[in-house]
Amino acid sequence: MGSGCGCIGLSILKEFPNSILVNVDTCKQAISQANSNAKNLGVCNKVKSINSNWFHNDWIKKIQRDL
């Protein structure tokens, strides 16, 4: 339940160019890789990556704060 390296989300983003993508993952390395992949695909201006844990009660607050 995380973005991982972003392959799925970034692929969908490329198919729907008027969209944005919010990546959420607990692993900082995964977030870093997803950001690198977004840059390589030329869509980094349409991607927001957030390091958060879905299993913490305050995860949605962190996402709202970081957006």
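The values are calculated or read from the model by the stated rules, or taken from the named source; none is laboratory data. Model, not experiment: these values are computed from the prediction. Quick reminder, even Gly has a Cβ in these numbers, built from the backbone with ideal geometry, and neighbours come from all protein chains shown. Areas reflect the complete protein model, heavy atoms only, side chains present, ligands, DNA and RNA absent. Shrake-Rupley method; radii C 1.70, N 1.55, O 1.52, S 1.80 Å.
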Selection count where residues are over 8 Å from the mean Cα position of the chain (by Cα) and either of a type in the set (S, T, N, Q) or open to solvent by 50 Å² or more (accessible area, probe 1.4 Å) (or both), scope the range 3-26 | 13
Scan (1) modelled with pLDDT under 95; (2) touching a Leu at 6+ places or on another chain (Cβ under 7 Å) for the single condition Ala38 breaks and write down its number.
-> (1)
Mind listing whichever residues of the range 28-52 are exposed (fewer than 15 other Cβ atoms within 10 Å of the Cβ) and either more than 15 Å from Leu67 (Cα to Cα) or aliphatic (A, V, I, L, M) (or both)?
-> Lys28, Gln29, Ser32, Ser36, Lys39, Asn40, Gly42
Starting from the range 5-32, take each residue that is under 14 Å from Asn45 (Cβ atoms) and list its partners that are β-branched (Val, Ile, Thr), counting only C-beta distances under 6 angstrom and pairs at least six apart or across chains.
-> Leu13/Val43; Leu21/Val47
